[in-house]
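One structure is given below, encoded as structure tokens.
No lab work stands behind these numbers, since they all come straight from the coordinates. Remember, it's a predicted structure, so these values are computed and weren't measured experimentally. Neighbour counts run over all protein chains shown; Cβ positions are idealised from the backbone, glycine included.
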Amino acid sequence: MLASIGERIWRVEDERLLRGEGAFVSDEFAPNVAYAAFLRSTAACAEILHIDVTAALATDGVVAVLTGADVLEDGLGGIPWEVCPPGHENKARFQGDPDIAESQPLLAHLRVRYVGEPIAMVIANSQSAALNGADAINVDFEYGDATVSIHDTRISEPCAEALFTAEVGDCIGTDAAFKSAFGVVQIRTHIPRLAAAPIPFGIPSRSTSFM
């Protein structure tokens, strides 16, 4: 059982890390390893007018540069949702149902919707070459107005391309309860985004030919 707040949590991994015995993805070496690096969007909302990968392909050690156009051409689709948006649990036909919320693009195509969205993937024979190749890519944007908060979304007309909408509970009953209440207190709070991500993160893989 997890310890309660305020209780000491016994750490079990520190000793091997302090002794230099930790195992990380970068420690895994194999012959003919290729490395990937991503060029990510610096814009929260923009149309992609043009992607120039010429300099990236000319970078020493770079093997290939892939964009959203390549993903579309290969028919790879996107990453389906894992957790159903609230209020749609009974409507989803299956996990990742695109009628509930569209898939996350593997690589942005024609537009970007958040800072950090992957635009291109560079494959190279070393990590440094992959990073240099990503730096050499030039993207022309036509910037739009980003909606970065729930408050901004509620006052936008029309709603700024919501990926999905959800209503949970009894809206009519809630409105009636507020109208009949002796007093109503309003408060606005801000909860920052949180994304748990292990460091480092990587997946060593090996290609095998099947006859």
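Summing +1 for each Lys or Arg and -1 for each Asp or Glu, what net charge is found among the other residues whose Cβ lies under 14 Å from the Cβ of V83?
In short, -3.
Please go through the stretch 61-127 and write out the chymotrypsin sites (Phe, Trp or Tyr not before Pro) that DSSP classes as loop and that have at most 14 other C-beta atoms within 10 Å.
Qualifying residues, ordered by number: F94, Y114.
Using a 10 Å cut-off on Cβ atoms, rank the peptides 178-187, 116-125, 59-68 from the highest mean neighbour count down.
Those peptides, ordered most packed to least, come out 116-125, 59-68, 178-187.
Please compute the net charge surrounding A64, taking Lys and Arg as +1 and Asp and Glu as -1 over other residues with Cβ under 15 Å from its Cβ.
Overall, the nearby charge balance is -4.
Mind giving me the FRET efficiency for S126 and R40? R0 is 22 Å, r the Cβ-Cβ distance, nearest 0.05 is fine.
E between S126 and R40, to the nearest 0.05, is 0.65.
Output wanted: per-residue J couplings in Hz (rounded whole) for the stretch 56-62, from phi through Karplus 6.51 cos²θ - 1.76 cosθ + 1.60, θ = phi - 60°, x for Gly and Pro.
Once rounded to whole Hz, the list reads 5, 5, 7, 5, 4, x, 6.
Report the trypsin sites (Lys or Arg not before Pro) located in the stretch 1-109 that are in a DSSP loop and have at most 13 other Cβ atoms inside 10 Å of their Cβ, or state none.
Taking the stretch 1-109 and a limit of 13 other Cβ atoms within 10 Å, the loop trypsin sites (Lys or Arg not before Pro) found are R8, R11, R19, K91, R93.
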